[in-house]
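The values are calculated or read from the model by the stated rules, or taken from the named source; none is laboratory data. Keep in mind that this is a model prediction, so the values were computed, not measured. Every residue, glycine as well, gets a Cβ built from its backbone with ideal geometry; the counts of neighbours run over all protein chains shown.
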Amino acid sequence: MSLKITHRRRRWSKDSHMNKGYTIISVFATLSLLGLFLIPFIPLQLINDHYEKSLLVSFSWPHAMPSSLELQVTTPLEGIIRTVQGVDHVSSSSDYNRGSITIELDSRADLDRARFEIASLIRHVYRQLPPGVSYPEITIGNSNGHNIKPLLSLQLSGHKSSAELRRYAETSLRPMLLALAGVSSVEIFGGRDQEWQIEYDRKLANSLKINDTDLTKMLGLNEQRTHLGWINSPNGSKTSLSLAPVSDTANFGDLPISLISKKRILRLSDIAVSQKSEQPPMSYFRINGKQAIQMIILSSPHADQISTGRAIREVLAKIQAESQPTYNVDLDYDAAEELTGRLSQIKWQLALTLTLLTLLNIVCFRSMQGVCILLSGVLANTFITFLILYIFQIPVDLSSISTIVFSIGLMGGNLFFVYRNYHRYRINIGILSLLGSSIMAAATLSVIWILPVESRENLTEFATITLITQLLSFFTCMWLVPAILAQFSLRTYPRPPAPDAIIFQLNKSYFRALNVVVRYRKSVLLVGLLLFGLPFFLIPPEIKADSNLARTYNHFIGEKWQNNDMRELSNKWLGGVLRLFTTYVRQRAARPSSEQTTLHINAGLPNHSTTEQMNQLIARFETELLKFTEIRRFVSQVRSGQFGSITVYFREPYSTGSFPHLLKERAILLSSEMSGVDWNIVGVGQGFNVNVNDAGSASFTVLLKGYSYSQLTSIAQNLEARFLLHPRIQNIDINNVPGVTFLKDLQAFRIRPDPFLMATYGLSQNQLTEEVRRYNTRPEADLFTFHNDVRIGIRVRPKSNNTLDVYQLYNEPVGISDSSYVKFVSQNSLVRERIAPTIRKVDQNYVRLITFDYLGSVAFGREFLDRSLDSLRAELPIGFTAERKTSGLWESEGSKHYLLIGVSLILTFIIAAVMFESLRQPFALFGAIMMSYAGLMAAFYRLDLPFDYGGYASLLLLAGLISFPTILLINVYNNISRTEGLPPLKAYCLAVTQQLQSILLYAACIVISQVSMLVIAPNQVFWTSLAVGICGGIISYLPVIVFFVPTILLPSKNQKVTSL
């Protein structure tokens, strides 16, 4: 009876397992199909913009200097903003004509509530601000500090005037585009509106006691409409009744101004001439030297940019067909097109990866079962990943798709490993090893969430999707692979077995080599340690402190070890690849540009220059650029008399060649012919990622803080004088602003009138200011009116007084009465001063940044700067600080980055100790990870690649990738030692013999996915350094697991074994 019961139990267990397998396969298939159907509904964007809890308060004050703006507007606003609960940091920037305040809120603060409180406080304090200050505008700020990339950029041209082109864009194109789903805003640049210009006779107006204020007031009354009430009709409708003047804006001359001697009405035509014309050119916008209107279309935060771009192009095609030949709309930039092109590359990369993995499966296993498991596992993982992204509303962009494709190699390696070991060990060892490695990968990647803000923003998306795919890979290997193997028995093609003699000889040779390695384990460990490197080269030459320990160190170590020839020898022979990596690899945190190749030509003139003068400079450059057929187009912008720029775009065959560099040199040569102009010519994009003209200079930044801006300016000038004494320092900028590559110094004339003379004639300072103000043409219209439903400005100005020069101030008197004029301005009272272009404050402390270039080694430049700052700090008054501002991945809070790598390794060690219930075996895993890091650093050094965020991600991810095969090999070794009672050396040799093919397949899968990325999409930001780092670590891991790990894993006192 017992046999029957046992048989029934086994049969029931088998049927139950069959039913369970069908259930598992059905669940995975259902989730995969659901994820596949939801892919079209996931919004896809080119780049996700990261927003933090921050607000931006912006305001303007025409013709106000930064010092006046900061004192009278910025400081009062900062004071009330600091009283709001939840405000963490407040920083401000006071510029010429405008200012802004950035408010960073605490993570627990309510953004809407803080915005409402700040708006209420601004409403109360606005009445206390000076006249002419615009009402402060509150917007949600972008935390990463970069401009949001537009969805599309359009150029509108035609046979109409620029005013008519702009009106057509505002009244016809903008409403049609804003009506489309996914479009958030449409911005229009270029073009000049028409306005009424009224020029009056200044002397005649003064004799009649009339000024421009009186004229403006009368014009305003002429345009005023007074609502009288409503008229009720018998049918129940209401009609508005308003009182309006009879005079029309088309006939300003008939407008009555005043009554002369109670006999004659003075009209505007008696003292002024009115004409309708385009506004004076305050800016220019041209494409290939021709006038045009630019339209920038921005998409909604969570809109699908591909579908939105397709809808916009359909609307534009319809408009183009209806409006030709009057208007012509050209597509300048299309983010959806760039997104589609990058997706095409990702598709080819995915196809190449799956093809190579399938071929590898067929060659190694010759089984359709293995191909089925590979494809079903990868597809299930991918589609369920999209399902999770849709459910949790995780933003998806190109980086997200690339991360999923990158994870396919990791999935394939896990599936190969589990599939090959399933028949030998069933579910226990392979899945437990994968579980342990998944936990280690999660632990190492979790440190990304405690990185500094900038690093966290660049790596959070990658870490999140990688963790999702790794977790799904574990569940696929634990449930789906056994279910497929239990349910389906596909045809297996027999593989010709290798001759037993060859296998025996290979095992025998490896056993002998392993015996030698273990016998000389100390030498092998020493070689591995020296290969990785000892950080003796990081020992400082001296300790700058007044203590017994510092004096002892400087006497015995600093003088006798660091400052002799032994230092060079020790660094060379003991530093290993760690010294090569730290010294020679360019550690760069800023992402190189992956955009199209462009050349930016920026020009700057003093702040008293006119727009026409800047336009003449830009036009001269345009004439030169029209000669080159390699240029696709160039966009010229003259924003003011102080700033002008040209952006050059290249045709595709020439964008990545030598022509962009040649054109840059030609532009620099042409700019040298124009004296008195500050030029800034830089290249951006893939064609300029490797600068063939790089002189090897290093840039440094000094951060100064203090409570007095005048004293801070004196300190900055003092430091500038010290830097000028050094022959290797160039391009010193004491007014640097982060994110602004080109900033002009400003100059202003300050009038200091004689107070005795002003008191004698009873003239106040406000009267003098108003009189001087009338000389200049105001940039904005005095008032606005509507004519034929079109908003038109009205500008009132004296005749032939478009500009103000120093001669007029010296020689033309100021009217103090109807018939009295006095000259208040003399050469002694008019002083020309240099003013700061911007005043920055952080938490109500003034901030100044000083930048300079050092021609030479970065280490020497850093050493010189540290010495200069040490001497400066001894002279600084209390409340002022000076420090070197670092910007590299390892320099900017670099100790924290190093510390977090160490924390991830400690977490890996603890998890391994819990799994193995041993302290020795985790050291073997730790040694394998460190030696793989040596391979990673050697790869970056050999290929001379920048170590950016992709390299840092490969450091964290490599620990989890290395742990899976290492944990599995150690588990197999432990299992053989327990079950078969073999000596440690022979047990490890047998474990390596059994798992070597699995380890090679695992490494091949990972390398294949990375090589596919490098072949299809080379020189991609982040991904190239990630692929190179992982390939270098995985390739170096193979000899480490065979020869280096046993020196740590095997006990030192072994039973002597001479043969298998």
Q. Does segment 313-329 contain at least one residue that is modelled with pLDDT under 80, touching an Asp or Glu at 6+ places or on another chain (Cβ under 9 Å) and at negative phi?
A. no
Q | Subset of segment 653-673 (residues that are outside any helix (DSSP H, G or I) and modelled with pLDDT of 80 or more) | A | 658, 672, 673
Q: Need at least 3 residues that are more than 35 Å from the chain's Cα centre (by Cα) per element, so show me which helices (runs of 4 or more DSSP H) inside segment 367-476 make the cut, counting only ones lying wholly within it.
A: 368-391, 398-425, 428-446
Q. Given the conditions (1) of a type in the set (A, V, I, L, M); (2) closer than 26 Å to residue 884 by Cα; (3) at pLDDT below 75; (4) surrounded by 13 or more Cβ atoms within 10 Å (Cβ to Cβ), and given that residue 849 satisfies all but one, which numbered condition is not satisfied?
A. (3)
**Q.** Counted residues, segment 1009-1038 - those being of a type in the set (Phe, Trp, Tyr) and either buried (at least 23 other Cβ atoms within 10 Å of the Cβ) or within 15 Å of residue 350 (Cα to Cα) (or both)
**A.** 2
Q: Those residues that are surrounded by fewer than 20 Cβ atoms within 10 Å (Cβ to Cβ), within 22 Å of residue 172 (Cα to Cα) and of a type in the set (Gly, Ala, Ser), I need them from segment 286-306; list them, please.
A: 300
Q. If you take the residues of segment 626-643 that are touching a residue at least 60 places away in the same chain (Cβ under 8 Å) and outside any loop (DSSP other than H, G, I, E, B), which of them is farthest from residue 294 (Cα to Cα)?
A. 643
Q) In segment 353-383, how many residues are hydroxyl-bearing (Ser, Thr, Tyr) and in contact (Cβ under 8 Å) with a residue 24 or more places away in the chain? A) 4
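Among the residues of segment 971-988, write down those that are buried (at least 24 other Cβ atoms within 10 Å of the Cβ) and either charged (D, E, K, R) or at pLDDT 90 or above (or both).
Within segment 971-988, 973, 988 meet the criteria.
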Q. Do the conditions hold for residue 131, that is, is it touching a residue at least 60 places away in the same chain (Cβ under 8 Å) and in a loop (DSSP other than H, G, I, E, B)?
A. no
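Results for (1) in contact (Cβ under 8 Å) with a residue 24 or more places away in the chain; (2) in contact with an Asp or Glu (Cβ under 8 Å, 6 or more places away or on another chain); (3) closer than 30 Å to residue 339 by Cα, shown as yes or no for each residue.
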{"position": "72", "(1), (2), (3)": "yes, no, no"}
{"position": "81", "(1), (2), (3)": "yes, no, no"}
{"position": "106", "(1), (2), (3)": "yes, yes, no"}
{"position": "118", "(1), (2), (3)": "yes, no, no"}
{"position": "121", "(1), (2), (3)": "yes, no, no"}
{"position": "126", "(1), (2), (3)": "no, no, no"}
{"position": "153", "(1), (2), (3)": "yes, yes, yes"}
Q. Does residue 941 fit the bill of being surrounded by fewer than 24 Cβ atoms within 10 Å (Cβ to Cβ), assigned to a helix (DSSP H, G or I), touching a residue at least 60 places away in the same chain (Cβ under 8 Å) and of a type outside the set (Val, Ile, Thr)?
A. yes
Q: Please specify each residue of segment 555-583 satisfying the condition of being modelled with pLDDT of 70 or more, under 20 Å from residue 862 (Cβ atoms) and buried (at least 16 other Cβ atoms within 10 Å of the Cβ).
A: 571, 575, 578, 579, 580, 581, 582
Q) Of all residues in segment 307-352, how many are surrounded by 19 or more Cβ atoms within 10 Å (Cβ to Cβ) and without any contact (Cβ under 8 Å) to a residue 40 or more places away in the chain? A) 0
(Q) Report every pair of residues separated by at least 6 positions or lying on different chains whose Cβ atoms are under 7 Å apart, first residue within segment 854-866 and without any contact (Cβ under 8 Å) to a residue 24 or more places away in the chain, second surrounded by 13 or more Cβ atoms within 10 Å (Cβ to Cβ) and not in a loop (DSSP other than H, G, I, E, B). (A) 866/884
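Okay, residues lined up against (1) exposed (fewer than 13 other Cβ atoms within 10 Å of the Cβ); (2) modelled with pLDDT of 85 or more:
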{"position": "99", "(1), (2)": "no, yes"}
{"position": "109", "(1), (2)": "no, no"}
{"position": "114", "(1), (2)": "no, yes"}
{"position": "119", "(1), (2)": "no, yes"}
{"position": "127", "(1), (2)": "yes, yes"}
(Q) Going residue by residue through segment 470-488, is there one that turns out to be farther than 25 Å from residue 926 by Cα, surrounded by fewer than 18 Cβ atoms within 10 Å (Cβ to Cβ) and modelled with pLDDT under 75? (A) yes
